[in-house]
Amino acid sequence: MKRDTITIGTRSSELALWQADYVAARLRQAYPELTVAKRLMTTKGDKILDAPLAKIGGKGLFTKELEQAMLAGEIDLAVHSLKDMPTEVPEGLVIAAITERSDPGDAFVSNRYASLAAVPAGAVIGTSSLRRRAQLLHARPDLCVRDLRGNVNTRLRKLDAGEYDGVVLAAAGLKRLGFAARIRELLPQQMILPAVGQGALAIETRAADAEVRQCVAFLADAGTTACARAERAFLARVEGGCQVPVGVYAQTAADGTLAVEAVIASLDGKRLLRDRRTGRLEDAAALGTALADRLLAAGGLAILHELGLLLDRE
């Protein structure tokens, strides 16, 4: 490499720092002569912790400030949880690499109950995700699901303080931060489909910075990237984000095919549409779009329209 330093932009939460440090370590290992620096930043999603994500807006809550710094030349790349990234990347930027996916699922954590099935009716379960809320209530309409904001450590502290009987968090984040022992149950995907890209990291760079793009290319995982194309195409079609009850998950098979499954649910979980499509790996994006069209036509569009009106009223 010609340059001797690369600066990574990252949020300052423990999980974001873990992710940035992981990428930094891989870069130092691949390029021993390279100095890898970090710049810690705060995003809108980090600042506003007293309101549900669905109420504070739109897309890019955890990425916009990092992207602005990249476009200004203040940092060379940003490391994101792929599930936090909007489906549209700002002009001048590109996702240069998507890493191999870790555990894509959701985990049930509780100090009182060994599994979600053991939780009694009326128990309080915490989550910041409308996707999780809707699917939880579809499976267990007898539960009381309440909003839970903050980073992983903050959410666990609230659980330990007795504010919740249990919480649902991304399994990958818990494992990365050393909290695997706190997981009581990995919730089956038959119950809760994950968010788009959950468990994978996205490395975003300036589109014109060919040197940095080439530098991080070795971190890309082909299988995860294909799955992400399908999942992000689905999300782009339904125009959703963390503020809508949409779950989608794609998997590759040894024969070169890809299966993508998705769900659109009403906020109360009473209506839940689920479908699946399988096709060629090279048609990943088209599969995601076709699946979205099928679910929207089957009633998903009406569900999302009603949800939009509900959130506007609130």
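What is the antiparallel percent of DSSP beta bridges lying wholly in the range 106-186, to the nearest 5?
Details: 7 of 13 bridges.
Bridges in the range 106-186 that DSSP calls antiparallel: roughly 55 percent.
Ranked by Cβ crowding within 10 angstrom, fewest neighbours first, how are Ser81, Ser115 ordered? Please list the in-between numbers first.
Working: Ser81 22, Ser115 12.
Ranked by crowding around the Cβ, least crowded first: Ser115, Ser81.
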- Task: Show which aspartates and glutamates lie in cross-link reach of Lys270 when reach means a straight Cα distance below 17 angstrom and same-chain residues fewer than eight apart are skipped.
- Result: Asp142, Glu306
- Note on the structure: Residue separation between Glu239 and Ala208 times 0.36 nm, minus their alpha-carbon distance, gives in nm 8.4 nm
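Once the piece of chain linking Thr278 and Arg294 is laid out straight, how much longer is it, given 0.36 nm per residue of separation minus the C-alpha distance between them?
Working: separation 16, 0.36 × 16 = 5.76 nm, distance 1.33 nm.
Difference between extended and current length: 4.4 nm.
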- The distance between the Cα centres of the range 167-203 and the range 73-130, in whole Å, is 7 Å
- Note on the structure: Mean-square fluctuation maximum in Gaussian network of the chain, Cα pairs under 10 Å, restricted to Leu40, Leu66, Leu295, hits Leu40
- Item | 5 angstrom amide H check on Arg101, placed H, neighbours 5+ away | Thr224
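If you stretched the chain out fully between Glu91 and Tyr22, how much longer would it get, using 0.36 nm times the residue separation minus the C-alpha to C-alpha distance? Let's see the in-between values first.
Values: separation 69, 0.36 × 69 = 24.84 nm, distance 2.67 nm.
So the extension gain works out to 22.2 nm.
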- Task: Enter the Cα centre distance for the pair the range 1-16 and the range 215-234, rounded to the nearest angstrom.
- Result: 20 Å
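Please arrange Leu287, Leu301, Leu156 by how many other C-beta atoms lie within 10 Å of their C-beta, fewest to most.
Numbers: Leu287 26, Leu301 15, Leu156 19.
By the 10 Å Cβ count, ascending: Leu301, Leu156, Leu287.
Taking every pair of Cα atoms in the range 106-186, average 1/r, invert it to obtain the Kirkwood radius, and report Rg/Rh to two decimals. Before the final figure, lay out the partial values.
On the way: Rg = 11.4 Å, Rh = 12.4 Å.
On the Cα set of the range 106-186, Rg over Rh gives 0.92.
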- What distance in nm separates the simple spin-label points at Thr5 and Asp160, each placed 7 Å from Cα in the Cβ direction? 3.8 nm
- Query: For the chain, what is the calculated [θ] at 222 nm in deg cm²/dmol (nearest 500), taking -39500 (n - 2.57) for each run of four or more DSSP H residues and dividing by its residue count?
  - Reply: -10000 deg cm²/dmol
- Message: Can you compute the modelled spin-label distance between Gln190 and Val124, with each label point 7 Å from Cα toward Cβ, in nm?
- Response: 3.2 nm
- Task: Pop out the ³J(HN,Hα) list for the range 276-285 in order, Karplus 6.51 cos²θ - 1.76 cosθ + 1.60 with θ = phi - 60°, rounded to Hz; leave Gly and Pro as x.
- Result: 8, 9, 10, x, 6, 4, 6, 9, 3, 5
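What does the convex hull of the alpha-carbon atoms of the chain project to on average, in nm²? Don't jump to the answer; show the numbers that get you there.
On the way: hull surface 63.9 nm².
That works out to 16.0 nm², a quarter of the Cα hull's surface.
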- Query: What ranking do Glu204, Glu14, Glu261 get, fewest neighbouring Cβ atoms within 10 angstrom at the top?
  - Reply: Glu14, Glu261, Glu204
- Candidate aspartates and glutamates for bridging to Lys38, where Cα separation is under 16 Å - those fewer than 8 sequence places away on the same chain excluded: Asp4, Glu14, Asp21, Glu65, Glu67, Glu74, Asp76, Glu204
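Taking the range 234-313 on its own, what percent of its Cα-Cα pair distances exceed 16 Å? Spell out each step's value before the answer.
Working: 1539 of 3160 pairs.
Distances greater than 16 Å cover 49 percent of the Cα pairs.
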- Query: Using 7 Å Cα-to-Cβ label points, what is the Leu40/Ala217 separation (nm, one decimal)?
  - Reply: 3.4 nm
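Quick note: the coordinates plus some simple rules give every number you see, no bench work behind them. Because the structure is a prediction, the values reported are computed rather than measured. Cβ coordinates were reconstructed from backbone atoms using ideal geometry, including for glycine residues, and neighbour counts include every protein chain displayed.
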